[in-house]
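Colleague: Input: one structure, supplied below.
The values are calculated or read from the model by the stated rules, or taken from the named source; none is laboratory data. Quantities reported herein were computed from a predicted structural model and do not represent experimental measurements. Backbone-built Cβ (ideal geometry, glycine too); neighbour counts: all protein chains shown.
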């Protein structure tokens, strides 16, 4: 995990159906639409050459709208001239996707329009139909899981201390468009209320797994796999359940309150667009881990030391770390130091 001011890259993966995307070296700002496109429904085969009375090899010359064009319902797709003109019209709003060797036309309805927004102020370094990569300078805080679409907004503190939980009563429309620091835990009620009030995103130490399933469904996994615009945005920094934020990081977030920020859910990172001298990063590594085989997430500011192979209460035999007064499985401990 990392929390420092540096140059970062963010990959923005694109759905199928790209219509517009930027060129490499183009400058963008977080929140800018960098790609847009459409989602097509099941294509329908329309009788083309037979309907307008031409030979199959003449169908392309009879087309009035090229393959790939988006059209409105009733638009003439193909037409013959002469005294007894015949025409093929679009059955609805959609796109001409293919003309067969038999002269038939495949037409697909448009069921949705989508847009992808940048999560960094910077420069486009890759741009194709699969991924757009933006590189830029920012503060970056890496979490363990993120849900919902990418979000951009101003950082606002929703709690006064890292051990506090954001109360639903404190969430209202005045927080619309903001990225709210929600403290130790963000409950399902807070997530749904924040989304209804137009909150851009929520950042917390953790979130209850049951609450996440309630909001996002049992089929939604972490790190940006839920990208629908009708879902809220949540960034879990240290784990799930109840997880106090390390005081060092809460203090840094407090100093950066009021700055523009963006949550990139695919990598579970938050970028903050503030000068390098706006705050100081934590001077020493901070580790977080499950306090025991199964327990709440804790931060250990004094570091951890190897404790050899240990058998835990769950009968798991594995390497252990001594973190202050807790003996933890090595796999249960992560560090806030270094880049991810």
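Colleague: Taking region 314-332 only, how many residues are modelled with pLDDT under 70 and within 22 Å of residue 206 (Cβ to Cβ)?
Modeller: Residues that pass the stated criteria total 2.
Colleague: Within region 35-42, is even one residue within 30 Å of residue 141 (Cβ to Cβ) and either in a loop (DSSP other than H, G, I, E, B) or touching a residue at least 60 places away in the same chain (Cβ under 8 Å) (or both)?
Modeller: So far as region 35-42 goes, yes, one or more of its residues are within 30 Å of residue 141 (Cβ to Cβ) and either in a loop (DSSP other than H, G, I, E, B) or touching a residue at least 60 places away in the same chain (Cβ under 8 Å) (or both).
Colleague: Mind telling me which of the residues 307, 274 ends up being more than 25 Å from residue 209 (Cα to Cα), at pLDDT 80 or above and exposed (fewer than 15 other Cβ atoms within 10 Å of the Cβ)?
Modeller: The match here is 307.
Colleague: For region 244-270, how many residues are within 16 Å of residue 157 (Cα to Cα), in contact with a strand residue (DSSP E or B) (Cβ under 6 Å, 6 or more places away or on another chain) and not in a helix (DSSP H, G or I)?
Modeller: Qualifying residue count, region 244-270: 9.
Colleague: For a quick check of your reading: which strands (runs of 3 or more DSSP E) sit entirely within region 94-151 and have at least 2 residues that are within 13 Å of the chain's Cα centre (by Cα)?
Modeller: Strands (runs of 3 or more DSSP E) meeting the threshold: 105-117, 145-147.
Colleague: Looking at the structure I just gave you, is residue 166 surrounded by 23 or more Cβ atoms within 10 Å (Cβ to Cβ) and without any contact (Cβ under 8 Å) to a residue 60 or more places away in the chain?
Modeller: Yes.
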